[in-house]
Amino acid sequence: GAVVSQHPSRVICKSGTSVKIECRSLDFQATTMFWYRQFPKQSLMLMATSNEGSKATYEQGVEKDKFLINHASLTLSTLTVTSAHPEDSSFYICSAGNGGLAPNEKLFFGSGTQLSVL
Amino acid sequence: GIQVEQSPPDLILQEGANSTLRCNFSDSVNNLQWFHQNPWGQLINLFYIPSGTKQNGRLSATTVATERYSLLYISSSQTTDSGVYFCAVRATDSWGKLQFGAGTQVVVTP
């Protein structure tokens, strides 16, 4: 199956700093990638849809200035948590599909990034 | 938006037991996937099954799209089956987005 690589797997940072998370599709091109957030013992919540070469589409309630998304190539999307605060501590997961968003497209997920803000 | 409900929320199994997990959804879908999230957070794609029945080893899944539900069967459970099982759907009018259910936490004891 398709492989999605996400780095780093874990990051600890001080409050007020910015953190960048990378998501790469290793063996396919992804015009669209998705960023999810998961709090402990909860489900995955979609944050934004990342589109190559254009602005990301954010879900309601997600601050676009807080969570900067860049999708500069067909294999790389980045999520930057700006001026992180303890409430931003969470598990962030990216996903990408290899079917051009066709209805029958499977989505594959990165291994996630555990962000802890002190 | 589309609602996805999974049951039961928690399941404790003895090794070797069989179980059924259920996913109900509130609208028509063109994509339904079952995932297993292991204790390290990795999401593993188990099935892509918007309709019909599929089997993969000890796991099988059935989706009855007209009745808006899907079932995941685990047979002869093993401790490595422990984790959270998520059902995720894409509504037919929802471009690209997968909506996840709350998950079923499965613990398989030796």
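The values are calculated or read from the model by the stated rules, or taken from the named source; none is laboratory data. Only a predicted model underlies this, so the values are computations on that prediction, with no experimental measurement involved. In this analysis, Cβ positions are derived from the backbone assuming ideal geometry, glycine residues included, and neighbour counts consider all displayed protein chains.
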Breaking point among (1) farther than 24 Å from residue B:100 by Cβ; (2) more than 14 Å from the chain's Cα centre (by Cα), for residue A:61: (1)
Qualifying residue in the stretch B:6-13 (condition: at pLDDT below 95 and either exposed (fewer than 13 other Cβ atoms within 10 Å of the Cβ) or in contact with a strand residue (DSSP E or B) (Cβ under 6 Å, 6 or more places away or on another chain) (or both)): no
Search result, residues across the stretch B:49-69 that are within 11 Å of another protein chain (Cβ to nearest Cβ) and buried (at least 17 other Cβ atoms within 10 Å of the Cβ): B:49, B:50
Selection count where residues are surrounded by fewer than 16 Cβ atoms within 10 Å (Cβ to Cβ), more than 14 Å from every other protein chain (Cβ to nearest Cβ) and assigned to a strand (DSSP E or B), scope the stretch B:88-110: 1
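Right, residue A:75: away from every other protein chain (no Cβ under 14 Å), polar (S, T, N, Q) and within 22 Å of residue A:88 (Cβ to Cβ) or not?
no
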Of all residues making up the stretch A:6-20, the number that are within 12 Å of chain B (Cβ to nearest Cβ), surrounded by fewer than 20 Cβ atoms within 10 Å (Cβ to Cβ) and not in a loop (DSSP other than H, G, I, E, B): 1
Unique residue being within 13 Å of chain B (Cβ to nearest Cβ) and under 14 Å from the mean Cα position of the chain (by Cα) when the list is A:67, A:109: A:109
Test: residue B:32 is in a strand (DSSP E or B), surrounded by 16 or more Cβ atoms within 10 Å (Cβ to Cβ) and at pLDDT below 95: yes
Test: residue in the stretch A:88-104 that is away from chain B (no Cβ under 12 Å) and without any contact (Cβ under 8 Å) to a residue 60 or more places away in the chain: yes
Residue that is in contact (Cβ under 8 Å) with a residue 24 or more places away in the chain, under 30 Å from residue B:9 (Cα atoms) and of a type in the set (Lys, Arg), where the choices are A:37, A:24: A:37
Matching residues in the stretch A:21-43 - criterion: being touching a strand residue (DSSP E or B) at 6+ places or on another chain (Cβ under 9 Å), under 29 Å from residue A:85 (Cβ atoms) and exposed (fewer than 15 other Cβ atoms within 10 Å of the Cβ): A:39, A:40, A:41
